[in-house]
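The structure appears below as structure tokens.
The values are calculated or read from the model by the stated rules, or taken from the named source; none is laboratory data. Just so we're clear, the structure is a prediction, and the values are computed from it rather than from any experiment. A quick note on method: Cβ atoms are made from the backbone with ideal geometry, for glycine too, and the neighbour counts reach across all protein chains shown. Keep in mind that these areas ignore ligands, DNA and RNA; they rest on the heavy atoms of the full protein, side chains included. Shrake-Rupley method; radii C 1.70, N 1.55, O 1.52, S 1.80 Å.
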Amino acid sequence: MDHNHQHHGHNIKQQARQQKDQVTERLEEKTLHGHEQAMHQDTSGHPPHGAHGHDHHRMMIEDFKKRFWISLALSVPVIILSPMVQHILGFTLNVPFGMYIAFVLSSIIYFYGGWPFLTGLAEEVKKGVPGMMTLIGVAITVAYLYSTAIVFGLKGMDFFWELATLIVIMLLGHWIEMRSVLGASKALELLVSMMPAEAMLIRDGEPIKVRIEDLQKGDLILVKPGEKVPADGKVEDGESYLNESMLTGESKPVKKNKDDKVIGGSINGNGALRVRVEYTGKESYLNKVIKLVQEAQKTKSETQRLADRAAKWLTYIALFAGFGTFAIWLILGQDLAFALERMVTVMVISCPHALGLAVPLVVAISTAVSANNGLLIRNRTAFENSRLITTIIFDKTGTLTQGSHEIASVVTFDNAITEREMLRLASGVEQNSEHFISQSILRRAKEQSITVPPSTSFNYLPGKGLEGLVEGRDVKVVGPNYIKEYNIAVPASQAEEGVETVVYTIVDGTPVGYIAMRDQIRPESAEAIRVLKENGIKNLLLTGDNERVAKSVSDKLQMDGYLANVLPHQKQEKVRELQAKGEFVAMTGDGVNDAPALAQADVGIAVGSGTDVAAETADIILVNSNPADIASLILFGKATYRKMIQNLIWATGYNVIALPLAAGVLYNQGIMVSPAVGAALMSLSTVIVAINAQLLRRQIK
């Protein structure tokens, strides 16, 4: 399917743009929280949110990237000039006005690098919902104000190096987080790109090229062989096979005769069709699929991030403990400098260095490791939740099966002609066609190193097959319709009716055999189903194919059940039905017909050989199109979740001990954490979180 058209129908395109912006807006609000909301109020004159869709999101990523690198460069001299860092590393560097240089550089870092967090703090306070931005904003502000006071006379040790590293690490964490969202709104654009840009309108008996948006209901259009159908309609003249697999899930091309309905976006086969337009724009089948995808994305449940919950409580604890410590020490008679030092120590030791990296770092590593092992993670929340999957719904075509019809058997009626010779003669005729049957026969001929002979007098028999002269012999490759029409006597076919497609080869008027084709089950599918059952996960088959095909695949793989002749909205309804029963549902598919269900499912998994649409709608993509990778996905998802929990526990847990010590509860026993020790503990927490995240690389199965 060609996804590179530059122009699309105006109605569909305009609506998809609006839907795309809405989806992007929801994703940004859901994922970027206060820091991006704050960025929307930046003084750089950016247009209102939603005006650029995911282009705006790209701009935000670039902005955080720029702030990170500039802040990192400015942080190097600040760290080197820090007396505490010099003491720890055992060197002395006397730079004239060094404290003031550090102050100026730190001021730039605070106002430029910390701007998203400061505006995020203001936004959260305004809404009355303190969270990550509040904690970061308060921490860097207290550190900056205290350090500035030290520069201008207050006795103590400045925290400029800590301020700089905190802002740099938080910018890095948020940059990593934002990048993981990019591209989540492309599904609708890819759906739209399935429509051709132009159509052949028949006017006064002559075909003329018009833009698709100019088509009206009732127009008569010509669809040539190999072209995409530009609109939903009904065949008025002609016969052909249409490839609707991207739209309906039907694995083999569907024959269309007079009065049959055709769907915009499907691909015409060898015959020319005259189609009367019935639906265009918003009323089209494809656009209804677009709406289904949009609705599923809109109503997808929003999982509250553990990091946000931890940050919320850490914010309350840090603010209460910090200001409480300050007040208590003043009441107990300590001087302002001592009380302020205790408060700053409490604030700094609870700074979310480790918390800021706890989740994004695990995500970055798990994403990279997964990609190297055939899993592309697009929605990290869904990936983390893969451990909860109780039911997996499989699409058939291209997921559990190869998605292309391959020869299942070659049977000859007479020993006078071998299977190889029959294939050779049949391939001579079939080389003139692009039909899926022709391509299957040619692939088998190539596999067996058969030289395809030249043919002449090729003729397409609409709805029946092909014929031609091969080496002077009259060769026909035809379907059962031809056999019945001419009452040709042939031995009974052993092919599985309704599951296999059969074509007969007739040489010089005599049937010599038949070739049976079927959509082959992937070798890995049986193992995938077995592993899922071992892990207590139910599996169901949903397909647009007929009952016999669905039952055949389900029985051979020993699946828990199947549903045949399913339309896109029915797949989505089935997912909803299972979710209503308390099931945590994963959907695996590869076509446009799967897009609504992929979006509706708790975890949407697309096979890489499928359409870009399915990939963009899904949360996770199986690059190698291997169903067995689903088991790896679940096991690695569990390992990733464990690492995230471990990091979150460590990033917040050490405060249980460190915060009371920083507040000075053991001051009378001579035990007190200094600001320097508090900063060191907080940095150590970050290092431990980073190392623990790296250990995740050993967990992939």
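A few notes on this one:
- Considering only residues in the stretch 652-689 that are under 26 Å from Ile365 (Cβ atoms) and modelled with pLDDT of 75 or more, the one that is farthest from the chain's Cα centre (by Cα) turns out to be Ile688.
- Residues satisfying the stated conditions in the stretch 378-434, i.e. among the acidic types (Asp, Glu) and either more than 19 Å from Glu447 (Cα to Cα) or free of Cβ contacts under 8 Å to residues at least 40 places away in the same chain (or both): Glu384, Asp395, Asp414, Glu421
- Residues of the stretch 106-137 that are more than 21 Å from Pro77 (Cβ to Cβ), surrounded by 22 or more Cβ atoms within 10 Å (Cβ to Cβ) and aliphatic (A, V, I, L, M): Leu121, Met132, Met133, Leu135, Ile136.
- The helices (runs of 4 or more DSSP H) located wholly in the stretch 292-372 that include 1 or more residues which are of a type in the set (Val, Ile, Thr) and at pLDDT 75 or above occupy 306-331, 336-349.
- Test for Ala197: is it touching a helix residue (DSSP H, G or I) at 6+ places or on another chain (Cβ under 9 Å) and surrounded by fewer than 17 Cβ atoms within 10 Å (Cβ to Cβ): yes
- Taken over the stretch 408-427, the residue count meeting the criterion of being assigned to a helix (DSSP H, G or I) and touching a strand residue (DSSP E or B) at 6+ places or on another chain (Cβ under 6 Å) is 4.
- Residues (assigned to a helix (DSSP H, G or I) and either open to solvent by less than 20 Å² (accessible area, probe 1.4 Å) or within 19 Å of Leu242 (Cα to Cα) (or both)) located in the stretch 428-448: Gly428, Val429, Glu430, Phe436, Ile437, Ser438, Gln439, Ser440, Ile441, Ala445
- Of all residues in the stretch 461-492, those that are touching a Leu at 6+ places or on another chain (Cβ under 8 Å), within 24 Å of Ala408 (Cα to Cα) and part of a strand (DSSP E or B) total 5.
- Those residues of the stretch 635-672 which are of a type in the set (A, V, I, L, M) and surrounded by fewer than 22 Cβ atoms within 10 Å (Cβ to Cβ), in sequence order: Leu635, Ala639, Ile645, Ile649, Val656, Ile657, Ala658, Leu661, Val665, Leu666, Ile671, Met672
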